[in-house]
Amino acid sequence: MKITFIAADGTETAVDAAEGESIMRAAVRNDVDGIIGECGGSMMCATCHCYVDEAWADATGQQEDGESDLLDCAASEVRPTSRLSCQIRMSAELEGVVIHLPESQL
Amino acid sequence: MQRIVIIGTGQGGQQAATSLRQEGFAGEILMIGDEPGLPYQRPPLSKAYMASGDADALLLKPAAFYERSSIILRDGTRAARIDRTAQEVETEDGARHGYDHLILATGARNFRPPLPNLDAPGVAELRTLADAESIRRRLAHTRHAVVVGGGFIGLEFAAMARAANVSVTVIEAAPRLMARAVSPQMSDLFLKLHWSMGTEILLGTMAAAVMTDADGNAAGITLADGREVAGDLVLIATGVRPNVELAAEAGLTCRNGIVVDGSLLTDDPAISALGDVAAFPGPLGRHVRLESVQAAVDHARHIARRLMRPAPQPYASVPWFWSDQGKHKLQIAGLATDADDCIVLPQPTGEPVILLFKEGCLAAVETINAPAIHMSARRLIATPSAVLAACDYDLRQAAKTAAPVAH
């Protein structure tokens, strides 16, 4: 399944992800700059903050419990489309999803 | 500066290499580590990995990262000696690697208590991916696991084994669980949580020997009072010892770890140390050694910044820890040791939040399944208790008005 990451400077990177894989994991595995995922997806660190492209906001669903509180601690601006990418798992509806990356995670 | 050598390919060593590139270091980076394979995350070994068995998910970065970043990785290679005069590291194969700066990220190894028959087949320990793979394979055929040590690793394993329907006995020498890491109140909460999972816990109980069967295989633990706890898997989880030997043999000061100053430099200005192996000036003004991803990663970032920027601040990151035990995520912000006051805050749902104070200031906050409160707490460590009392100990509210944490 395809995910396109768009960095803060506009650089696009397309990667392949497996069904069920988190977007954070796919980014780290494919060496995408801009997603750190320091805690490995334990909802501990807010270093996998991303902005889901408006067109995909419905498909990615709502924030998980506690996610918005963790996002309060994110380094970059929090927007209505902000998510922790470790909490979004790839599924058929997300084929081709577009993810924007914040300027900084730390 | 042309060449930086990092000894240790764990998360701290890996982060040092990554951060050096992020800070713009363009010279050569060589990582040397005795473990085979690419650097990976250890925390999930006793947690998610046990359930999934997915080793690829543990990798910190893919192989392509090291190539792209021109980081040379000598895995499966033991560093044998540091020659500080020549500024060279000699590896076991006899090769010598010159450095302008050396970063020691040698980590820790499991402590092996002096128990008879500790080397018997069937005695397990858990630190590396290889350890975890072996335990995971065996767990499917295990009926009763005996765990020596009621710390994070022993209890994470116990919860995971219970979830796999293996019966478990935990033997802990101290009168409470996780005594080094959490408050007595939190120890007590977790005792009850593990009871509710069906785990047998023997507190204040010393292991005396590994029992063996007729074939010499581990068959349980004999206690100091002569009682026997039979089991087909024995896990030794009695803490770690820092890997200081290379540093000590090179003449660097070592006292419960490699002693570093507030900028994480050893006695030798060309050598830094980080993570589990580094004893650094802690928040209470004396040296501490922390066994955590947070210390490893934040130390690594600090060293990279110090090497690449002109006027660095002293290291001052707030420590934090976590442990997933069954469905319970224990999180600790700050250092819980030496607290002189404690407030237990009941929560409308779930487990209470425990605030620990030292000399009138917030020293640590312990939470279970409350990541938002934990994140707020990280910003509030060292806040005077009166400030928190004024907002009725609503940490999330207090954090919104607090100054940001220094990085």
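When the helices of chain A are scored as -39500 (n - 2.57) per DSSP H run of n ≥ 4 and the total is divided over every residue, the value at 222 nm lands at -3000 deg cm²/dmol.
If you take the Cα Rg of the range B:133-246 and divide it by 2.2 N^0.38 Å, with N the number of residues, what do you get? Spell out each step's value before the answer.
Values: Rg = 14.3 Å, N = 114, 2.2 N^0.38 = 13.3 Å.
Taking the Cα Rg and dividing by 2.2 N^0.38 Å, one obtains 1.07.
For chain B, the mean residue ellipticity at 222 nm estimated from helices alone is -7500 deg cm²/dmol, where every DSSP H run of n ≥ 4 contributes -39500 (n - 2.57) and the total is divided by all residues, rounded to the nearest 500.
3J(HN,Hα) along the range B:383-396, derived from phi through the Karplus expression 6.51 cos²θ - 1.76 cosθ + 1.60 where θ = phi - 60°, amounts to 5, x, 4, 4, 5, 6, 4, 4, 10, 6, 6, 7, 5, 5 Hz, with x in place of Gly and Pro.
Working note: Cα atoms of the range A:2-100, range along each principal axis, descending, whole Å: 29, 25, 23. Taking a straight line from the alpha carbon of B:Lys327, these aspartates and glutamates sit under 14 Å away, with near neighbours fewer than eight places off in the same chain left out: B:Glu156, B:Glu351.
The fewest-to-most ranking of B:Met375, A:Met1 by surrounding Cβ atoms within 10 Å reads A:Met1, B:Met375.
Using the alpha carbon gyration tensor of the protein assembly as shown, what are the three equivalent-ellipsoid semi-axes (square root of 5 times each eigenvalue), largest first, in whole Å?
Values: eigenvalues 223, 180, 131 Å².
After diagonalising the Cα gyration tensor, the semi-axes are 33, 30, 26 Å.
Antiparallel beta bridges, as assigned by DSSP with both residues in the range A:2-100, represent about 75 percent of the total such bridges. Legend: mean number of C-beta atoms from other chains within 10 angstrom of residue C-beta atoms, peptide B:369-378, equals 5. Let a ≥ b ≥ c be the square roots of the eigenvalues of the Cα gyration tensor of chain B; is it rounded (a/c under 1.5), or, if not, prolate (a/b larger than b/c) or oblate? Here chain B falls in the oblate category. Here's how it looks for B:Ala124: its modeled amide H is under 5 Å from those of B:Val234, B:Leu235, B:Ile236, which are all 5 or more places away or on a different chain.
Using θ = phi - 60° in the Karplus curve 6.51 cos²θ - 1.76 cosθ + 1.60, the 3J(HN,Hα) couplings for the range A:60-68 round to 7, x, 7, 5, 6, 3, x, 5, 5 Hz; x is entered for Gly and Pro.
Taking DSSP loops as anything outside H, G, I, E and B, show the longest stretch in chain A free of GluC sites (Glu not before Pro) there with at most 13 other beta carbons within 10 Å. Walk me through the intermediate numbers first.
Details: sites that count: A:Glu19, A:Glu77, A:Glu95, A:Glu103.
Free of exposed loop sites, the longest segment is A:20-76.
With a ≥ b ≥ c the root eigenvalues of the C-alpha gyration tensor of the range B:14-96, is it rounded (a/c under 1.5), prolate (a/b larger than b/c) or oblate? Provide the component values of the computation, followed by the final result.
On the way: a/c = 2.58, a/b = 1.53, b/c = 1.69.
In terms of gyration-tensor shape, oblate.
Note on chain B: dipole from Cβ charges, positive end direction compared against B:Cys342, B:Val123, B:Ala248; the farthest Cα belongs to B:Cys342. Under 5 Å from the amide H of B:Ala219 lie the amide H atoms of B:Met211, B:Thr212, B:Asp213, each residue being 5 or more positions distant or on a separate chain, with H modelled from the backbone and absent for Pro and chain starts. In the protein assembly as shown, the DSSP beta bridges split such that about 60 percent are antiparallel, to the nearest 5. For peptide A:24-37, the mean count of partner chain Cβ atoms within 10 Å of a residue's Cβ comes to 3. Counting only DSSP beta bridges whose two residues both lie in chain B, roughly 60 percent are antiparallel. 3J(HN,Hα) couplings calculated from phi for the range A:15-20 with the Karplus curve 6.51 cos²θ - 1.76 cosθ + 1.60 (θ = phi - 60°) are, in sequence order, 10, 9, 10, 8, 4, x Hz; Gly and Pro show x.
With the charge dipole of the range B:123-238 set up from +1 on Lys and Arg Cβ and -1 on Asp and Glu Cβ about the Cα centre, the Cα lying farthest toward the positive end among the listed residues B:Thr212, B:Val234, B:Gly151 is that of B:Gly151.
Under a Cβ-Cβ cut-off of 11 Å, what is the net charge of the residues other than B:Val148 that fall near it, where Lys and Arg count +1 and Asp and Glu count -1? It works out to a net charge of -1. Within chain B, no whole DSSP H helix has Cα atoms reaching 24 Å or more along its own axis together with a mean Kyte-Doolittle score of at least 1.6. For the peptide A:41-54, the mean number of other protein chain Cβ atoms found within 10 angstrom of a residue's Cβ is 3.
Any read-out appearing in this document is the output of simple, stated calculations on the displayed coordinates, not a laboratory observation. Values in this document were obtained by computation on a predicted structure and should not be read as measured data. A quick note on method: Cβ atoms are made from the backbone with ideal geometry, for glycine too, and the neighbour counts reach across all protein chains shown.
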